[in-house]
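Just below is one structure, and these are the notes that go with it.
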Amino acid sequence: MVKEIRIYVEGGGGKESKALMRRAFGRFLSEVGSEAWERERGLQVVACGSREAAHEKFQRARTEHPTAFNVLLVDSEAPVTGTARDHLRGWNLDSIMETQVHLMVQAMEAWLIADPDTLARFYGQGFAANAIPRTKNVETIPKDDLVPALKRATRGTTKGEYHKTRHAFDLLAQIDPAKVRSRAPHCERLFQTLLQQLAS
């Protein structure tokens, strides 16, 4: 039985930014958190900074937290054509279970784009909804198009154009996970994996 889930996530810079990121992911994963609480299990999100730092902390967790279900969650940075573990083949993940390796495809901003209604509410007047790609599967949107699309959609708003540090975590805490899961298959896989681990 899994007593604790620990998710090592790419993102967050300084101490304050990492705290904001942990809270944002906690809100986004609230369904998983509620299930963990009901089953008297733990759910811990660890904001790691860079992709490399997330990988290193995830690897250390295998020794430091051997009884936990440790998860690595990083941006894919590119289209994903195989498994998550295969996509990260530059890292030594051969002994890692496939269920422990997860991707934000192609970056976290795809999850934000998956819920344009929340974007519109957050930015308010001046939000240019037509600048947001309507692609059903947001994971097919090239990484290099994600932030520019958000900036085009938001530069005429009172909050100003999209800024990762100032806006991303607030948005992540507010977007509808169901909408993201319906448009981002790897996000759906993450939720299903975590919920299945708690049910076992």
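Values in this text are rule-based calculations from the coordinates and carry no lab data. Values in this document were obtained by computation on a predicted structure and should not be read as measured data. As a convention, Cβ positions derive from the backbone with ideal geometry for all residues, glycine included, and neighbour counts pool all protein chains shown.
Points worth noting:
- Centroid-to-centroid separation of region 129-145 and region 42-58 [C-alpha atoms, Å]: 27 Å
- When the trypsin sites (Lys or Arg not before Pro) in region 68-152 are filtered for DSSP coil states and for at most 13 other beta-carbon atoms within 10 Å of their beta-carbon, the remaining sites are R89, R134, K136.
- Long-range HN-HN contacts of N70 with modeled amide H, under 5 Å: R6
- The trypsin sites (Lys or Arg not before Pro) of region 1-41 that meet both conditions, a loop assignment by DSSP and at most 13 other Cβ atoms within 10 Å of the site Cβ, are K3, R39.
- Estimated [θ] at 222 nm from DSSP helical runs (n ≥ 4, -39500 (n - 2.57)) normalised by residues in the chain, nearest 500: -13500 deg cm²/dmol
- Given charges at Cβ of Lys, Arg, Asp, Glu: the chain dipole, positive-most of P133, C187, V9: P133
- Using every pair of distinct Cα positions in region 110-169, the Kirkwood expression returns a hydrodynamic radius of 11.4 angstrom.
- Kirkwood analysis of region 1-113, using all unique Cα-Cα pairs, places the hydrodynamic radius at 14.5 Å.
- Amide H within-cut-off set for L43, under 5 Å, with H built and near neighbours excluded: I5
- Percent of beta bridges antiparallel (DSSP, the chain, rounded to nearest 5): 5 percent
- Size of charge dipole - the chain - debye, nearest 20, with Cβ of Lys, Arg +1 and Asp, Glu -1, no other charges: 400 debye
- HN-Hα J in Hz across region 193-200 - Karplus 6.51, -1.76, 1.60, θ = phi - 60°, x for Gly and Pro: 4, 5, 5, 5, 5, 6, 7, 7
- Restraint check, K57/K164; K3/K164; K57/K159; K15/K136, Cα-Cα greater than 29 Å: K3/K164; K57/K159; K15/K136
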